[in-house]
Each structure stands twice: as C-alpha cells, then as structure tokens.
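S.K.: Below is a structure I'd like to ask you about.
The values are calculated or read from the model by the stated rules, or taken from the named source; none is laboratory data. Predicted model only: the values in this text are computed from it and were never measured. Here Cβ is always computed from backbone atoms with ideal geometry, including for glycine, and neighbour counts include all displayed protein chains. In case anyone asks, the SASA skips ligands and DNA or RNA and just uses the protein heavy atoms, side chains included. Shrake-Rupley method; radii C 1.70, N 1.55, O 1.52, S 1.80 Å.
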Amino acid sequence: MSIPKELYPSQDDLPYEEELLRNPFSLKLWWRYLVARADSPFKKRAVIYERALKALPGSYKLWHAYLRERLELVRNLPVTHSQFQTLNNTFERALVTMHKMPRVWIMYLVSLTEQKLVTRTRRTFDRALCALPVTQHDRIWEPYLVFVSQRGIPIETSLRVYRRYLKYDPSHIEDLLEFLLNSELWQEAAERLAGVLNDDQFYSIKGKTKHRLWLELCDLLTQHATEISGLNVDAIIRGGIKKFTDEVGRLWTSLADYYIRRKLVEKARDIFEEGMTTVVTVRDFSVIFDAYSQFEESMLALKMEEMSDSEVEDEESNGEVGVEEDVDEEDDRLNVAKLEKKLREFWLNDDKDVDLRLARLEHLMDRRPELANSVLLRQNPHNVEQWHRRVKLFEGNPTKQILTYTEAVRTIDPMKAVGKPHTLWVAFAKLYENHKDIANARVIFDKAVQVNYKTVDHLASVWCEWAEMELRHRNFKGALELMRRATAEPTVEVKRRVAADGNEPVQMKLHKSLRLWLLYVDLEESLGTLESTRAVYERILDLKIATPQIIINYAVLLEDHKYFEDAFKVYERGVKIFKYPHVKDIWVTYLSKFVKRYGKSKLERARELFEHAVEETPADAVKPLYLQYAKLEEDFGLAKRAMRVYDQATKAVPANEKLSMYEIYIARAAEIFGVPRTREIYEQAIESGLPDKDVKVMCLKYAELEKSLGEIDRARALYKHSSQFADPRSDPDFWNKWHEFEVQHGNEDTFREMLRVKRSVSASYSQTHFILPEYLMQKDQMQTLEEAKDVLKKAGVADDEMAALERQLVPPEDETKGKEQSRVVGFVSAGVVESNGQKVTTNNEDIELPEESDSEEEEKVEIAQKDVPAAVFGGLIRKREEGDEAEDDSAAKNKDSDGHLGALERIKRRRQGS
C-alpha cells in the first residue's frame, strides 16, 4: 500500500526531522514538531503522533494529546462510522502502557457510553476497576452509574452494578433507592428504605432528614399497598405520627389511603375521624379534612355511576325475565340468579345508599367550622379569642351559646389565658342583657368581679361594663353605688387576712385603678355635685395615680366654676408631681391660662413662673417656653427684657435649633430696634459655636445685610470667612453667590483673591480630591478658568490681558523653588491660543527641565540637530510665521497703548523678556 505524498515530510519539516534523527527519544523535540504542525491535516499529525508514540510509548502527554485529537475528529460523526473503531483501537493501544492513568480510562469509557456499546462498555468499566487502585475507583464509579442509569440497560444488570457499588461505598444507598423507585421495584425499595430508617448511624449525603425518608416510606407503602407485603403498615405509620408531629396530617391521610386501596372503606372513615379529633394544628386538620371530603365525594360519584349502570342492566334483564316468566313459573325456586338478586334487594343489604352518602358529605361540611375551632382549642384551651369564635358558630341558638360560655369560663384559667378572659364574662352577661334578662346579667357580673384575674385592668373593665349596663337601663344611682363599691379601699382586717394567705388577689389593688376613677369622676361630674366631684379628684391625687390630663381636667373644672386661684393651685401641684416630658402640657396650659387671666397685672409673678419653667425644662423642649416668655415681655413688659430672653434662648436650645432661634432673635431685634442693631447678634451667632453649615448660612445672611447697607468690604470679609466651610466640589451655591457678588461689586484684584481662596479651600478638602481621576481635576480647573475669562470679558478686559492673567497662574519657568511652593495640588492650567481666528485649547503646563543640571555637565552629551525641510510642513509653516508676526504686532501696540494696566503690563513684559 503506497503512502500518499502529502504525508511525507516537506522541506519545512527537515530541521525537525534532522533533530529527531539525532535524538529520537526527546519528548521536547517531538512536541515542538507537533506544535509547529498544528495547522496541518490530521492525517499528517497522526503520522507524527504514531512515530512519536513508537519512540516514546510511555509518554502520557503524547497519548493524551493524540486521544483528544482523535475524540475531536469523531465528535460530529455518527456512531456507526469507521473512525470510532479506529478510536477504540487507539484507546486499547494506549491502555497497554497507560492502564494506571484514570483520565485515559474515563475518556475511553465516556466515548464507549456515547457509542451505545453496552456489553463492551460494561466490561471496560470492570477492567478499569481492576486496573486502577481502590483510591481512584470513585472517579470510575461516577460515569459507571450514569451508564447503567441510561435507557436500554437491562434492569438486572443495573441492579447488580448498584449492589456492587454499595459494597464500595454504603453511604450512597440513596442512589440505589432512587434507581429502585424509577425501576418500579417497590418491594425491594420499601425493604431498603425501612432498613435505612432502622439504622441509627445512617447519614444522608443528599441532605434528607429521617423525617423526609419516613414520609417517603409512608407514601411508598400507601401508594403500592397491594404490591408490598411483609411490613406492618399500620404500625409503621402510627409510629411516624407519634415521632414526627409536624406532618401528622399527611401521615393520617396516608394511613387512610392505605385502607382505601385495600378496599376497607369503613376503616378509612374511622381513620379520618380519629385524625380530625386528635390533630392540634390547623394545617394538619385542613389536610385531613380535604382528603376526607374528597374521599366522600369520590365515593358518592362512584355509587351514582354504579347505579346508572345497574339501572340499564336491570331494564334489560327485566325484559328477558318478563318473557321467561310465562314459561317457567314453576322453576323459580331452582333459579340461583333470581335468588341472589332477591338477597341483594333485601333492605339490610341495600346497595342504593346514595342518600346516606350524600348526608354524610353534607354533615361533614357542616361540621367543618366546629371541628376547626376544636383543633385550635386543643392547641390552647385558654385561648379567649377562639372561645368567642366558637360562640359565634352557634349564632341563633342561645342555648348552645350559653352552654359554650359556661364551658369557657370553667375551662379558662385567668393566669394562663391568651387574651382577655374578662371579655368572656362581659359577653356572657350581654347575652342575657340582649334577651331582656337583666337579673341574670347582674348575677353573671357579680360572679365575674369575684374572679382572680391576671391584671387589675381586667377586673376594672368588668366593673366599668357593669356600670355602663346600669347606665343603659337608667339606673344612675346603681351605677354610682357600683363605682363607690369598686373604689372602696379594703379594710385592715381584709388586708391582714390576705397577707396571711400569701396570695394577694387583684381585688386588693382595685381601689388604685385609674380607669375606675376616671369613670367615677365622669359620673360625679354628670350626676353629682361640685363638692363630690372635687372630693373624687382629691382622692385621686392622694392615691398618687393622677395623670397630667387629670390635673388639667381638674383645673378646667375649677375654672368653669370661677375658682381661678384654686385652679392655679392645682397646676402648681401638677408641676411639682410630674417631671419632663409629662409636665410639658401642664406648664404650657398653666402659663397660657395665667397670662390670659392676669396679663400685665401680675407681671412679676408671671416672670417668676416662666423662669421656674425654663429652669426645669430640658434643652430639647425649652424653645416654645422661651418664645412664650419673650412674647409676654413684648406684649406687657420691656423690649430689652424680651431681647434678653431671646439671648438666653439662643444659649439654652440645642445645637440643631440654634440657627432657627437666632433667626427669630434677629427678626425681632430688627423689627424693634432696627437693622443695624442686628450686627451684634450676627457676630454673636457666628462665634457661638454653631455647626459649620449653620455658620455658613448665618454668614451669608450677614453678608446680605451688609450688602444692603452698602458695606461691601464687610460683606466681602464675611464671604471670605465663611468660605472655609464650603467645599467647591460639594457646595457650588456658595461660590456662585460670591461669584455674583464680585461681578456686581468687585474688581480684578478682588476677583483674583476669590479664585485664590477657592483654590486654597479646594486644597484643604484634598482628601477626596486626590481620589478623583486626573482628567476630572483638569476638567474642573479648565471650567474655573473659562468662567473667570467670561467674567473678565463681561467686565471689559481685553483678550491679551486675560491671557496674561492665565499665564500668571502658571509659575515662572526660571523659579523652580517658587513654582513648587506656590503651585496648587492637582491644578492644571488650560490656555487659549488663537490661530487663524480659531480657538484651540492647549495644555501649557509642560514639564520643563532645568537648563543646567549636574548630570548634563558630567556627561556632556552633544546631540546633532538637523533642520526639517519646509516641504514637510507645507502651508502650516507659512501660517505659523504669519501668526508670529501678528502676535508681535499686537504686543507692540499693547505696549504703546495700554500703559494704564500697571501690573498686567509688567507681567507681560517679564514673560516676553524671558
């Protein structure tokens, strides 16, 4: 067989071939040869690979690369192609020397799996397991299990492989269980799963809990009840119900489903009923009830279908029997079919029980709310809300409601109750009240007030409800008598007896219940006299249970009856009893009432009250009192004292309110004494330790004032002082205001000073400046200079003067030390050069090296320079010469005509001379 000419080495291959002739066993030479021929056809590369592997049969690198290329060659070919056989032969030859390399085995096995060669693949997997050490078997088992899980593999073969795998790693029994379930081998799957659950040392590698595995076993047993034998399903599921309480409903339905599949329908009903009456969660109850109702509906539907089919059969059979009756009337006793039919139609064995099944379903649906409520009460029999809902279920049945209330008040322990147990007693009494039985309602209330509740408020609520019931039925004296009885303090003998018992009931603390006293005092105000009402209020104050609102109500009552001094005494008692923040309303009401009552007549007393109030008030709440105090002085006192009050207020309020207080102070001072008087206040505010942002705001307002008064220098000084609190990058509004101020009232020097201050402030905030990208910093500076140019142009400054100002921002070239000291960090100058009427933005900040340096003197390197021919530049050289001539002419004109510029002219001359 002749070898094609293209497979022979070409002229380009001769260097590699010569090296290989000298050293044919060098892997480096063969690999370099292959890399050089990476673009050659695979046939030629295969010849090189074969020659290399013949010389180096133990090279893993060569074999691996060769096999990878072989695999890539057959990637898109059908599995019946002859190249696959060549590939398999190559793998077999490689495994002669590479049988200890798991990667080669895996590549071969994956390829065989894709070729669907079942027997050869299985035997190759076995060979790989025999060839490799046991520590490498896990890399082979993974594709092995994938192979046996494919369609078309015999189940017995796969099962045997899984069993072998469990001997290697028993922890992967879940893979076997999954395979058994997919293969519908229910008996072995149930036995294996039961064995797993009985193993206390089992740990699921898939993260499944024992609970989940138990549920899977229950589902398996119930769904395949007729196919699994040898296991006590009832005992297994009931054991799960006792052990795992969070899936009880599902387990009960599984057990019932098991009996349904076994066609034990009545047993299934018993299981459903038992489950509904024992579960303690609504979720489990819902699961069982839904399954139960679905079961009853399916039974009803099935029976109705059977009846429709049987009716059709009966009609057909009746027609046949009617024909035969005339023939064989004497042989009825010998007809077995007729006898069986008569037995089926006997009433005790009646299959037509559709009405019974329908009644069962309706009864079940009607019982759902009651059954659900029973579940919640089984969770906690002391849940008051659930007892209320149970009573609502029997709406329209007073007897049932009374029995439910009676059961509830007997069952609930007030100390363990969830909710308010007194509401049950109140609702119980209202039930009798709604049915016009007031006597029994009083009996219920009388029993309710004797119960030892958890809190006093519950008992007080019962007394209040009792009194309100008496009020609804116009028994006013009875309501007042109830309040006197409820608020009466226990006698000394009763206290001694309770102390001896050691368990103090809430009835002993009832006389200090504020809720009772509030209702009592309302009743006295409405039904009693002033003296009796005052006695109740005084009793509340003596018991020390008063609130600020009670103090205010008491004082208002006395004011309504013209007892003003007594009302002010009540206010005095209130401000002594309470502290801030509770006394705030009392002080505000007291001071406003006093000022309104006496006004100017008792000014000194009012001042003492205000001084006492502001002394005791904390800083965060003192501002309204100071404003009220200052208004008193403005209305009835002296303006100087009002200013003194405002001054005290600015020092007393917290830092976050100082600015607003100073604004009020300044506004009042300007209105009373005039605008110039406010300068002292502004200076005091700026130096008083305000936050930086408030100092800046105050300075701006002060500057506006000075500007309105014509004090431009003072306003400029304020702008300069407040600039230290304004970062140009985060607070552009301040700088815009100063910018507008300088445009309106400044000159060139003041504008330049503003720019200098702005740069220095920007440098002081350089912590964030250095983080910014360089091009952003250049952009900011360029914008600043452009704005400056626009302002100067509006002011009438010529373009050449603006260029001189720009050049002044750049330090002189010959003063290196001065440049380093005066340069602003991060500042990049941007100049404007006019060329042929077009403006071109350029960067004038070139890196300039000193002309005389030590290194240049030592090395003395001479660089030959040659002129560039003018033809290279073309018309550009002429434009540049014309621009230079125009610039020289304009400089000469400016030198002669603009002598009045002074400093600008000197700057230009110095730049031209340099």
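S.K.: Looking only at residues in the range 695-704 that are open to solvent by 20 Å² or more (accessible area, probe 1.4 Å) and either hydrophobic (A, V, I, L, M, F, W, C) or at pLDDT below 80 (or both), which one is farthest from Arg759 (Cα to Cα)?
M.R.: Residue satisfying both the conditions and the ranking: Glu704.
S.K.: Of the residues Glu188, Glu184, which single one is farther than 30 Å from Phe91 by Cα, open to solvent by 50 Å² or more (accessible area, probe 1.4 Å), at pLDDT below 75 and over 42 Å from the mean Cα position of the chain (by Cα)?
M.R.: Sole residue among the options that is farther than 30 Å from Phe91 by Cα, open to solvent by 50 Å² or more (accessible area, probe 1.4 Å), at pLDDT below 75 and over 42 Å from the mean Cα position of the chain (by Cα): Glu184.
S.K.: Those residues that are open to solvent by 60 Å² or more (accessible area, probe 1.4 Å) and not β-branched (Val, Ile, Thr), I need them from the range 264-289; list them, please.
M.R.: If the condition is that a residue be open to solvent by 60 Å² or more (accessible area, probe 1.4 Å) and not β-branched (Val, Ile, Thr), then Leu264, Glu266, Lys267, Asp270, Glu274, Arg283 are the ones that fit.
S.K.: Taking the criterion of being within 25 Å of Tyr520 (Cβ to Cβ), among the β-branched types (Val, Ile, Thr) and open to solvent by 50 Å² or more (accessible area, probe 1.4 Å), would at least one residue in the range 427-438 satisfy it?
M.R.: No, because not a single residue in the range 427-438 is within 25 Å of Tyr520 (Cβ to Cβ), among the β-branched types (Val, Ile, Thr) and open to solvent by 50 Å² or more (accessible area, probe 1.4 Å).
S.K.: How many of the residues in the range 525-539 are open to solvent by less than 20 Å² (accessible area, probe 1.4 Å) and in contact with a Leu (Cβ under 8 Å, 6 or more places away or on another chain)?
M.R.: Going through the range 525-539 one residue at a time, the tally reaches 2.
S.K.: Restricting attention to the range 461-496, and to residues there that are within 16 Å of Ser513 (Cβ to Cβ) and outside any helix (DSSP H, G or I), which single residue is most open to solvent (accessible area, probe 1.4 Å)?
M.R.: Filtering the range 461-496 for residues that are within 16 Å of Ser513 (Cβ to Cβ) and outside any helix (DSSP H, G or I), the one most open to solvent (accessible area, probe 1.4 Å) comes out as Glu489.
S.K.: Name every residue in the range 9-31 that is part of a helix (DSSP H, G or I), over 11 Å from Leu56 (Cβ atoms) and in contact with a helix residue (DSSP H, G or I) (Cβ under 7 Å, 6 or more places away or on another chain), in order of residue number.
M.R.: Result: Tyr16, Glu19, Leu20.
S.K.: How about the range 642-655: which of its residues are touching a residue at least 24 places away in the same chain (Cβ under 8 Å) and open to solvent by 60 Å² or more (accessible area, probe 1.4 Å)?
M.R.: Matches in the range 642-655: Gln648, Lys651.
S.K.: I've got another one for you. What pairs come up if the first residue lies in the range 222-246 and is under 17 Å from Lys210 (Cβ atoms) and part of a helix (DSSP H, G or I), the second is at pLDDT below 75 and among the aromatic types (Phe, Trp, Tyr), and their beta carbons are under 6 Å apart, counting only those six or more places apart or on different chains?
M.R.: Hits for this filter: Gly240/Trp214.
S.K.: Of all residues in the range 123-138, which are charged (D, E, K, R) and under 24 Å from Ser171 (Cβ atoms)?
M.R.: Listed by number, the residues that qualify are Asp126, Asp138.
S.K.: Can you spot a residue in the range 739-758 that is modelled with pLDDT of 50 or more, small (Gly, Ala, Ser), in a loop (DSSP other than H, G, I, E, B) and surrounded by 18 or more Cβ atoms within 10 Å (Cβ to Cβ)?
M.R.: Checked against the condition, which is being modelled with pLDDT of 50 or more, small (Gly, Ala, Ser), in a loop (DSSP other than H, G, I, E, B) and surrounded by 18 or more Cβ atoms within 10 Å (Cβ to Cβ), the range 739-758 yields at least one hit.
S.K.: Quick one: is Ala619 closer than 27 Å to Leu690 by Cα and either over 52 Å from the mean Cα position of the chain (by Cα) or among the small types (Gly, Ala, Ser) (or both)?
M.R.: yes
S.K.: Provide a single number: the residues in the range 241-263 that are open to solvent by 50 Å² or more (accessible area, probe 1.4 Å), of a type in the set (S, T, N, Q) and under 18 Å from Gln223 (Cα atoms).
M.R.: Total meeting the criteria: 0.
S.K.: Condition (residue is farther than 29 Å from Lys544 by Cα, buried (at least 16 other Cβ atoms within 10 Å of the Cβ) and touching a Ser or Thr at 6+ places or on another chain (Cβ under 8 Å)) applied to the range 603-614: is it met by at least one residue?
M.R.: No, that holds for no residue.
S.K.: Of the conditions (1) assigned to a helix (DSSP H, G or I); (2) under 47 Å from the mean Cα position of the chain (by Cα), Lys544 satisfies every one except a single condition; which number is it?
M.R.: The one condition Lys544 does not meet is (1).
S.K.: For Arg151, indicate whether it is without any contact (Cβ under 8 Å) to a residue 60 or more places away in the chain, part of a helix (DSSP H, G or I) and either among the acidic types (Asp, Glu) or open to solvent by 70 Å² or more (accessible area, probe 1.4 Å) (or both).
M.R.: No.
S.K.: Also, I was wondering about something else. Restrict the check to the range 657-679 and report whether at least one residue is assigned to a helix (DSSP H, G or I), farther than 30 Å from Lys593 by Cα and open to solvent by less than 20 Å² (accessible area, probe 1.4 Å).
M.R.: Checked against the condition, which is being assigned to a helix (DSSP H, G or I), farther than 30 Å from Lys593 by Cα and open to solvent by less than 20 Å² (accessible area, probe 1.4 Å), the range 657-679 yields at least one hit.
S.K.: Looking only at the range 560-584, count every residue that is assigned to a loop (DSSP other than H, G, I, E, B), within 15 Å of Glu615 (Cβ to Cβ) and open to solvent by 40 Å² or more (accessible area, probe 1.4 Å) and tell me the total.
M.R.: Adding up the residues that qualify gives 2.
S.K.: Among the residues of the range 585-602, count how many are open to solvent by 80 Å² or more (accessible area, probe 1.4 Å) and either farther than 14 Å from Phe564 by Cα or not charged (D, E, K, R) (or both).
M.R.: Residues meeting the conditions: 3.
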